[in-house]
There are 2 protein chains.
Amino acid sequence: MRDVYMVGAAQSDFGSFPDESYRSLFSTAFEGALDAVDGDLDRSRIDEAYVGTLGVGGRQLGLAGPAVTEHVGLDGTSCTRVENACAASSVALRQAVLAIRSGVADVALAGGIEVMNDMSGEQTRYWLGVSGETEWERMAGTTFAGVYAQMADAHMAEHGTTREHLSRVAVKNHANGAKNPHAHLGFECSLDDAMNGMTVADPLNLYDCCPTSDGASAVLLTSRDVAEEVTDTPIRVAGTGQASGRVGLFQRPTVTSIPATSEAADQAYDEAGCTPDDIDFAEVHDCFSIAELMAYEDLGFCEPGTGGEYVASGATEPDGERPVNLSGGLKSKGHPIGATGAGQAVEVFKQLRGEAGDRQVNGLSRGLSQNVGGSGGAVVVTVYEEGWA
Amino acid sequence: MRDVYMVGAAQSDFGSFPDESYRSLFSTAFEGALDAVDGDLDRSRIDEAYVGTLGVGGRQLGLAGPAVTEHVGLDGTSCTRVENACAASSVALRQAVLAIRSGVADVALAGGIEVMNDMSGEQTRYWLGVSGETEWERMAGTTFAGVYAQMADAHMAEHGTTREHLSRVAVKNHANGAKNPHAHLGFECSLDDAMNGMTVADPLNLYDCCPTSDGASAVLLTSRDVAEEVTDTPIRVAGTGQASGRVGLFQRPTVTSIPATSEAADQAYDEAGCTPDDIDFAEVHDCFSIAELMAYEDLGFCEPGTGGEYVASGATEPDGERPVNLSGGLKSKGHPIGATGAGQAVEVFKQLRGEAGDRQVNGLSRGLSQNVGGSGGAVVVTVYEEGWA
């Protein structure tokens with residue numbers, strides 16, 4: 001199996017940008033990724049491109065992938081749109097990895113885009129509903145926050161997770177995001193703020209919920225031969241895993257964990273030849289605070305049911321044993337659906353290269369990203385290591 | 001590079017099915033594909049699944065892939081939705097091929113679905129518009145028939161293609177589709193009918209246009225090891241190619257050919273180690289009659305500009321030198337967008353195995369499929385051969 005390296009990665013700002021289009025946002029991310037390559041990598045060398053997006057804000061729906069890659073001068077290059085709801089661009093990244101491993105590509109682009117703030121609140125609610133289960137959740141009135149609220153409620157009842165545990169996630173991620181110039185909500189919040197936010201779907205309040213963002217991200221992956229030519233700071237995609245779960249929460253065997261995370265993680269750890277203990281830091285899918293606690297457990301960072309205690313222990317703070325969401329996560333950095341997965345890879349890239357500015361944590365050599373589609377209908381887990389294999 | 005074999009393939013009926021859902025249609029195709037395998041292939045052995053769909057008729061939009069695969073008992077299996085407009089499920093097939101070549105999968109599923117007849121005409125027109133270029137074509141009032149009419153008009157002016165040449169495509173494909181029990185418009189039409197249909201977008205009339213269909217298709221692909229275990233009639237995916245073109249017709253260097261077809265075909269021929277002359281039969285993307293004539297030329301079956309003469313010569317009739325669209329094509333078999341690409345593979349599978357019933361042509365050993373997204377924004381070409389490599 002051919003080794004795959006991440007040689008460039010960048011994102012646009014995440015936020016609300018009425019003067020930007022999905023093409024201009026993608027262009028910012030893509031040109032940034034090219035610029036981030038140590039040496040010269042001409043765009044004409046890209047063999048395959050994958051773009052993740054859920055809906056690009058009501059504009060170009062069919063062929064949204066080729067519509068953005070043509071805008072950055074990749075007219076003839078094979079480009080495929082992929083979509084697994086909020087996991088769209090980690091799926092793109094995984095497909096790019098498979099394309100290189102298959103031998104079809106030596107250089108592959110994985111990116112993501114979403115424009116979410118050009119719609120009224122009502123449309124956004126409808127649109128977000130489509131990525132949960134449609135017939136028995138959305139049409140019964142359940143929102144995304146409602147689905148995750150059910151998980152939080154059950155987790156609190158079964159495992160003694162507390163209001164404060166949930167809020168610790170928000171406080172940590174906002175503190176991290178305040179150091180990220182690309183963050184949508186780049187401000188700190190106090191524990192008092194986070195515990196007393198306006199209720200969105202009990203027990204989740206405003207500070208438990210990520211924003212709806214506009215943004216784009218892009219990652220350049222290459223075979224080892226090309227990586228040796230263009231980079232002195234190789235980041236290897238050491239392992240990748242993907243699994244599906246029942247799309248509707250009500251059809252799953254548990255509501256206090258996301259089984260697809262464990263399955264995808266097992267595949268990724270197996271490929272990387274490592275265990276959860278070997279992971280120095282992670283970007284996880286904190287669309288709602290409870291999701292980050294479940295991710296700790298499902299990824300094997302702590303025992304099942306102890307996610308709340310784990311965050312309260314400080315283990316996932318920047319100075320803890322395993323920093324999580326140094327970028328600010330979905331909560332603070334923002335969540336432009338299609339751009340989120342590749343955006344996680346951007347943070348891993350920066351941290352492993354020592355280019356994360358004020359939020360840099362030193363001594364990191366192996367990172368992980370976990371990206372969830374829907375409420376667990378699809379999960380992608382990726383493990384990255386610095387250095388040559 | 002690992003060899004990939006197609007060991008099972010099937011489709012639902014294509015048509016208008018108010019009593020079916022996208023899940024039931026997919027189930028019909030998937031179970032048919034499993035049944036078509038010579039030996040036993042348990043569904044639990046499927047490692048990766050790819051499902052192509054443009055919009056599944058306004059129902060489950062996000063996570064539509066996992067939503068249909070869970071319905072056929074593939075709950076945990078990695079499933080990715082892919083979409084490149086009308087090329088969605090040939091993209092799915094190509095990604096399944098790459099997954100097997102990469103070593104991540106030994107058994108992969110590629111399928112497609114679309115439900116188009118649960119909407120009013122106005123909605124359907126809107127929906128179809130999204131897969132052309134949005135800002136400068138659809139929003140300027142151009143329909144899909146309108147885009148292809150521009151191509152037809154130019155082809156007639158530049159190359160002397162005639163009204164009768166276009167209609168010959170319809171007559172041939174309806175004659176073929178009349179022998180296909182799965183066809184949406186499974187009836188013959190006379191040359192007189194085809195030449196005098198109601199104008200849709202001049203010079204294209206009703207008989208130049210494919211219908212909007214409901215339907216699903218599914219293909220099972222495996223590594224050589226697994227194929228040796230489960231089949232005595234191996235069909236090898238000998239070559240695959242994919243290319244993009246400018247999404248908007250007005251941005252392309254030519255309107256009388258689809259450059260992405262030539263580029264994708266070159267890749268596929270190169271991988272398969274063959275030339276156009278070696279292709280015994282083909283399923284091509286005849287969404288409009290002019291598209292089939294351009295496909296002949298862009299695939300190298302005849303010289304540029306001579307597609308009209310080529311069809312008129314009878315070369316692509318069932319008893320001609322290179323039968324095209326023995327299934328009836330999009331024109332007669334139907335065009336449920338996401339299901340079309342994998343549906344082409346179903347016909348190739350049946351013809352190469354001698355299982356095409358009344359429309360069987362004997363002596364075929366190498367087939368090709370060509371599937372176009374939009375008006376040429378993405379094209380996938382695949383070459384299949386009977387027998388072991």
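Brief remarks on what is shown
- Remark: B:Asn371 matches the filter, which requires a residue to be closer than 19 Å to B:Ile113 by Cβ and not hydroxyl-bearing (Ser, Thr, Tyr).
- Wholly within the stretch B:149-251, helices (runs of 4 or more DSSP H) carrying at least 2 residues that are of a type in the set (Gly, Ala, Ser): B:163-177
- Filter result for B:Arg23 (within 14 Å of another protein chain (Cβ to nearest Cβ) and either closer than 24 Å to B:Val383 by Cβ or without any contact (Cβ under 8 Å) to a residue 40 or more places away in the chain (or both)): no
- Qualifying residue in the stretch A:350-363 (condition: touching a strand residue (DSSP E or B) at 6+ places or on another chain (Cβ under 8 Å), in a helix (DSSP H, G or I), among the polar types (S, T, N, Q) and closer than 20 Å to A:Tyr5 by Cα): yes
- Test for A:Ala345: is it more than 14 Å from chain B (Cβ to nearest Cβ) and within 25 Å of A:Gly132 (Cα to Cα): yes
- Considering residues of the stretch A:73-113 that are assigned to a strand (DSSP E or B) and at the interface with chain B (Cβ under 7 Å from one of its Cβ atoms) only, the residue surrounded by the fewest Cβ atoms within 10 Å (Cβ to Cβ): A:Cys79
- Within the stretch B:41-65, if we keep just the residues that are more than 22 Å from the chain's Cα centre (by Cα), within 9 Å of chain A (Cβ to nearest Cβ) and not hydrophobic (A, V, I, L, M, F, W, C), the residue that is farthest from B:Thr28 (Cα to Cα) turns out to be B:Gly62.
- For B:Asp225: the one exception among (1) within 14 Å of chain A (Cβ to nearest Cβ); (2) of a type in the set (Asp, Glu); (3) farther than 26 Å from B:Thr134 by Cβ: (1)
- Flag for A:Ser327 being modelled with pLDDT of 95 or more, in contact with a helix residue (DSSP H, G or I) (Cβ under 8 Å, 6 or more places away or on another chain), crowded, with 20+ Cβ neighbours inside 10 Å and not basic (Lys, Arg): yes
- The conditions of being crowded, with 20+ Cβ neighbours inside 10 Å and more than 14 Å from chain A (Cβ to nearest Cβ) are not met by B:Val379.
- From the options B:Tyr50, B:Tyr5, residue that is more than 27 Å from B:Gly357 (Cα to Cα) and either part of a loop (DSSP other than H, G, I, E, B) or among the aromatic types (Phe, Trp, Tyr) (or both): B:Tyr50
- For the stretch B:299-338, the tally of residues that are assigned to a loop (DSSP other than H, G, I, E, B) and hydrophobic (A, V, I, L, M, F, W, C) stands at 5.
- Scoring A:Leu364 on the criteria (1) over 21 Å from A:Arg168 (Cβ atoms); (2) buried (at least 24 other Cβ atoms within 10 Å of the Cβ) leaves a single failure, condition (2).
- Inside the stretch B:195-250, residues that are among the polar types (S, T, N, Q) and farther than 24 Å from B:Val91 by Cα make up a count of 5.
- Residues (in contact (Cβ under 8 Å) with a residue 12 or more places away in the chain and more than 24 Å from A:Ala149 (Cβ to Cβ)) located in the stretch A:356-379: A:Ala356, A:Gly357, A:Asp358, A:Arg359, A:Val361, A:Gly363, A:Leu364, A:Ser365, A:Arg366, A:Gly367, A:Leu368, A:Ser369
- Residue satisfying condition, being within 12 Å of chain A (Cβ to nearest Cβ) and at pLDDT below 95, within set B:Gln251, B:Gln242: B:Gln251
- On the stretch given as the stretch B:1-16, residues that are surrounded by fewer than 19 Cβ atoms within 10 Å (Cβ to Cβ), more than 10 Å from chain A (Cβ to nearest Cβ) and of a type outside the set (Gly, Ala, Ser) total 1.
- Options A:Gly73, A:Gly55, A:Gly62; residue that is free of Cβ contacts under 8 Å to residues at least 24 places away in the same chain and over 24 Å from A:Val383 (Cα atoms): A:Gly62
- Looking at A:Leu293, A:Leu221, just one residue is out of contact with any Lys or Arg (no Cβ under 6 Å at 6 or more places or on another chain), surrounded by 20 or more Cβ atoms within 10 Å (Cβ to Cβ) and within 28 Å of A:Ala29 (Cα to Cα), and that residue is A:Leu221.
- Subset of the stretch A:255-264 [within 13 Å of chain B (Cβ to nearest Cβ) and either surrounded by fewer than 22 Cβ atoms within 10 Å (Cβ to Cβ) or out of contact with any helix residue (DSSP H, G or I) (no Cβ under 7 Å at 6 or more places or on another chain) (or both)]: A:Pro259, A:Ala260, A:Ser262, A:Glu263, A:Ala264
Residues checked against (1) surrounded by fewer than 16 Cβ atoms within 10 Å (Cβ to Cβ); (2) closer than 21 Å to A:Cys86 by Cβ; (3) out of contact with any strand residue (DSSP E or B) (no Cβ under 8 Å at 6 or more places or on another chain):
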{"position": "A:Met139", "(1), (2), (3)": "yes, yes, yes"}
{"position": "A:Ala170", "(1), (2), (3)": "no, yes, yes"}
{"position": "A:Ala178", "(1), (2), (3)": "no, no, yes"}
{"position": "A:His184", "(1), (2), (3)": "no, yes, no"}
{"position": "A:Leu191", "(1), (2), (3)": "yes, no, yes"}
{"position": "A:Met198", "(1), (2), (3)": "yes, no, no"}
{"position": "A:Asp202", "(1), (2), (3)": "yes, no, yes"}
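- Looking across the stretch B:364-376 at every residue that is part of a strand (DSSP E or B) and closer than 26 Å to A:Ala64 by Cα, the one that is farthest from the other protein chains (Cβ to nearest Cβ) is identified as B:Ser369.
- Residue list for the stretch B:329-380, restricted to those being hydrophobic (A, V, I, L, M, F, W, C) and either more than 11 Å from the chain's Cα centre (by Cα) or at positive phi (or both): B:Phe349, B:Leu352, B:Ala356, B:Val361, B:Leu364, B:Ala378
The values are calculated or read from the model by the stated rules, or taken from the named source; none is laboratory data. What you are looking at is a predicted structure, and each value in this text was computed from that prediction instead of being measured. As a convention, Cβ positions derive from the backbone with ideal geometry for all residues, glycine included, and neighbour counts pool all protein chains shown.
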